[in-house]
1. Can you tell me how segment 58-98 classifies by the Cα gyration tensor, rounded, prolate or oblate, using a/c under 1.5 as the rounded cut?
2. Taking R0 as 25 Å, what's the FRET efficiency between Glu53 and Thr258 from their Cβ-Cβ distance, rounded to 0.05?
3. For n ≥ 4 DSSP H runs only, could you compute -39500 (n - 2.57) per run for the chain, divide by its residues and tell me the 222 nm figure to the nearest 500?
4. Please work out whether segment 152-225 counts as rounded, prolate or oblate from its C-alpha gyration tensor, where a ≥ b ≥ c are the square roots of the eigenvalues and a/c under 1.5 means rounded, while otherwise a/b larger than b/c means prolate and anything else oblate?
5. Determine one quarter of the surface area of the Cα convex hull of segment 30-123, which equals its mean projected area, and express it in nm² to one decimal.
6. In µm²/s, what is D for segment 64-189 at 25 °C and 0.890 mPa s, where D = kT/(6 pi eta Rh) by Stokes-Einstein and Rh is the Kirkwood radius from Cα pairs?
7. State log₁₀ I(q)/I(0) for the chain at q = 0.09, 0.16, 0.17 Å⁻¹ as given by the Debye formula over alpha-carbon point scatterers of equal weight, solvent excluded.
8. Given Cα pairs under 8 Å that are at least 6 residues apart, what percent is the relative contact order of segment 58-216?
Amino acid sequence: MYRFLIPVLFVVIGCGGRQSALMETPATSAVVDSVKAEALAAEAKALWSERGELEKANAAIAKWYEAAKTDASNPIYHRELTYAYYFLNNVHYRWTDNREMVKKNYESGVAAAETALALSNPAFAGQIKAGADTDAVWKKALQSATKEDVKALYWYATNLAKWALNNGITSLLKYKDRALLIIQRCQTLDNNFWYGGPARYLGAYWYKIPFGKDPAKSRSNFEAAVAVDASYLDSKVLFAEVYAVRAEDEALFKKLLTEVIEADASANADLIPENKNAQRIAKEMLANMDDLF
C-alpha cells in the first residue's frame, strides 16, 4: 500500500541510501474534490507570500499537504512542496543549529519530488521502480523525461545532494553522480528553470565535489546562471561562496557580494524573502572575509 507522504524523515536504508517513494505505487483518491483542493492550494499560496515568517511557511506547507490528500492524482501540490522544503532550510534553518531538521527537510523535499514525478510521468517512474532505483536505470529513464518534469527533477536532485551532504560522505558518494545526471538533463530540457538553476548547480558542483574539480567549468556555469536572470541574488552569493573563495579571488568575492547588498531586494516581487536572505548572507560573508581567505 502506498504511504502518503508527510513531512517526516524517511527510513535510511542500505549503505548511505534512503527509501525512495518511486519504489511504491501512488494512490489515487477514491473521491477527488478538485475544487476543494484548488481552494486549499489558494490558501497555501496566500500564506506562502509571507514565507519570510517561518510560521507562515510551515502553514503553507500544511495546506499543500491537505490539497494533495484531497486530490491525490494532481502532481502540482507535491511540486510546490519540493521547493518549499528547500526554502525552509535556505532561508530559515540555515541560521539555526538544528541539523536534524535541516536533513529532515531536505529528505521531505526529495520525497515530494518523487511523488510528483510518479504522478506526472508514470512511464518514467515505472522505469525507476522496475530497475530498483539504480543510477544506471536513472540514466536511461531520464531520456523519457520532459520539460514539465524539470519542475520536480531539479528540486529532487538539489534536495537529494543537500541531504546526502548532511548525511555523510557515504551518502554523498552514493548520490552525487545521480544528481549530476539529473541536473545535466534539466539543463538540456530547460536551462532557464529557477533563474538559471541547472547552471548554478553545476557551478557549485565543479568546485565542491570531492574528486574531479574543474574551476573553469565552475566559473563558466556561475556566469551562465547570472546571465539567465541576475534578479535571483543567490546566484551571486554562491558564485562568491563556492568559486571566489576556492579560487582565492578576493576581488571577485567583494564585487559579487557588494552587488548583492546594493541590489534592490524587491526588484523581483516573486523573490523578496529569498533576496533579503541573500543580502543577509552576503553581509555576513563580507564581515567574516578574513576567515575565508
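The values are calculated or read from the model by the stated rules, or taken from the named source; none is laboratory data. For clarity, every value in this text was computed on a predicted model and none was experimentally measured. Neighbour counts are summed over all protein chains in view; Cβ atoms, including those assigned to glycine, are modelled from backbone coordinates with ideal geometry. Heads up: the accessible areas ignore ligands, DNA and RNA and are worked out on the full protein's heavy atoms, side chains in. Shrake-Rupley method; radii C 1.70, N 1.55, O 1.52, S 1.80 Å.
1. The shape class here is prolate.
2. In this case the efficiency is close to 0.30.
3. Taken over the chain, the calculation gives -21000 deg cm²/dmol.
4. On the way: a/c = 2.14, a/b = 1.26, b/c = 1.70.
The shape class here is oblate.
5. Values: hull surface 24.5 nm².
Over all viewing directions, segment 30-123 projects a mean Cα-hull area of 6.1 nm².
6. Estimated diffusion coefficient is 166 µm²/s.
7. Values, matching the q order: -0.43, -1.40, -1.55.
8. On the way: 173 pairs, mean separation 29.7, N = 159.
For segment 58-216, the relative contact order is 19 percent.
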